[in-house]
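Here is the structure we will look at.
Every number in this text was worked out from the coordinates using simple rules, so none of it is lab data. If you're wondering where the values come from, they're calculated on a predicted model, not measured in any experiment. Glycine gets a Cβ as well: all are built from the backbone with ideal geometry, and neighbour counts include every protein chain shown.
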Amino acid sequence: MIEDVRRLLDNYIAWLRDKTVLRQIDQTWVEITTPHIDRHNDYLQFYARKQNGGFLLTDDGYIIEDLISSGCTLDSPKRQLLLKMTLRGFGVEMVEHRLEIKASEQNFSQRKHNLIQAMLAVNDLFFLASPTIASLFYEDVVTWLDSTDIRYVPNVKCTGKSGYEHHFDFVIPKSKKLPERFLQTISQPSRDQAQAIAFKWIDTKDSRAPESRAYALLNDQENTIPSGVVDALRSYDMEPILWSQRDAIKDDLAA
């Protein structure tokens with residue numbers, strides 16, 4: 001099993017390296033195109049330049065401006081708080097509409113990883129399939145957890161075997177009956193999202209108790225879940241749960 005996990009990690013890191021494309025924009029900026037896919041099925045891009053002996057990495061406002069242009073307003077106090085809390089978990093700042101993070105030569109790889117994860121998380125967290133939807137999926141999950149007396153720690157950061165830090169939406173502490181449980185929400189399920197989340201779990205699980213479990217809660221309120229998403233998560237030892245079937249895991253999470 002260890003060799004299987006090591007092979008999967010090596011394959012994922014090789015995929016990231018081989019599918020990342022660099023382009024010099026001018027004498028200052030370098031455009032970095034990643035293999036990660038946004039909700040338009042376009043490759044995520046960000047930009048890097050040298051600054052004060054280190055580097056500045058930014059999405060140049062793409063994620064926030066794309067959400068706003070799609071009718072997803074972020075001006076309510078609750079959404080502003082959720083946005084800031086999400087970015088803080090990755091060490092990313094918002095300057096005007098730009099998501100930014102500073103890096104040194106020593107931590108460039110980790111900071112790049114954090115910015116990409118923040119871009120994916122904010123896009124997934126706030127994108128509304130219809131402007132008439134009143135609440136965000138993450139908010140729905142928090143409300144459900146609270147109403148069912150499921151205790152949890154939100155926005156937990158864990159360091160994986162690769163050395164990368166990974167953000168999980170919720171961790172439910174170990175009890176007398178059940179081990180530690182990780183819970184990740186996916187509001188816009190796609191195979192790319194599933195693979196990214198599965199990677200951070202297999203990278204993290206070896207540093208946790210052997211019996212720890214992971215669940216992925218998939219939003220099927222406004223989405224048809226692609227068949228490959230469920231299979232991909234299960235193949236990496238995560239339990240996919242449709243939001244419409246969330247009561248199936250209520251007892252496991254509350255115990």
When the helices in the chain are scored as -39500 (n - 2.57) per DSSP H run of 4 or longer and the sum is shared across all residues, what 222 nm value do you end up with, to the nearest 500 deg cm²/dmol?
-12000 deg cm²/dmol
Using the Cα centre of the chain as the reference point, and only Cβ charges (+1 on K/R, -1 on D/E), how large is the resulting charge dipole? Debye, rounded to the nearest 20.
760 debye
In degrees, nearest 10, range 0 to 90: what is the angle between the Cα axis of helix 77-90 and the longest Cα principal axis of the chain?
80 degrees
Identify the trypsin sites (Lys or Arg not before Pro) of the stretch 133-182 meeting these criteria: DSSP loop state and at most 16 other C-beta atoms within 10 Å of the C-beta.
Arg151, Lys161, Lys174, Lys176, Lys177
Computed lengthening from Ala255 to Ser109, 0.36 nm per intervening residue step minus Cα-Cα distance
48.7 nm
I need the trypsin sites (Lys or Arg not before Pro) found in the stretch 6-76, filtered to DSSP loop residues with at most 15 other beta carbons within 10 Å of theirs.
Lys19
With a 10 Å cut-off between alpha carbons and a GNM built on the chain, which of Asp206, Asp124, Asp18 moves the most?
Asp18
Can you give the angle from 0 to 90° between the axis of helix 108-126 and the longest principal axis of the chain, with both taken from C-alpha atoms, to the nearest 10?
60 degrees
When Trp201, Trp144, Trp243 are arranged by how many other beta-carbons sit within 10 Å of their Cβ, fewest first, they go Trp144, Trp243, Trp201
Listing Leu16, Leu183, Leu81, Leu44 from the residue with the fewest other Cβ atoms within 10 Å to the one with the most, what is the order?
Leu81, Leu16, Leu44, Leu183
Please give the contour-minus-distance gain from Thr159 to Glu93: 0.36 nm per residue of separation, less the Cα-Cα distance, rounded to one decimal in nm.
21.7 nm
Relative contact order (percent) for the chain, with alpha-carbon contacts under 8 angstrom and 6 or more residues of separation?
13 percent
Checking rank on 26-35, 69-78, with mean other Cβ inside 10 Å and highest first, the result is 26-35, 69-78
Provide the FRET efficiency to the nearest 0.05 for the Arg17-Ala209 pair, computing r from the beta carbons and using R0 = 25 Å.
0.20
Angle in degrees between helix 137-147 and the longest Cα principal axis of the chain, rounded to the nearest 10
30 degrees
Less than 12 Å apart at the alpha-carbon level, and either on another chain or at least 8 residues along: which aspartates and glutamates does that give for Lys161?
Asp10, Asp203, Asp206
Check each of the GluC sites (Glu not before Pro) in the stretch 73-102 and keep only those in coil by DSSP with at most 13 other C-beta atoms within 10 angstrom; list them in order.
Glu96
Taking a cut-off of 24 Å, what percent of all Cα-Cα pairs in the stretch 144-255 are separated by more than that?
21 percent
Would you mind checking Lys78/Lys200; Lys84/Lys176; Lys176/Lys250; Lys84/Lys112; Lys78/Lys112; Lys78/Lys174 for any pair whose Cα atoms are more than 23 angstrom apart?
Lys78/Lys200; Lys84/Lys176; Lys78/Lys112; Lys78/Lys174
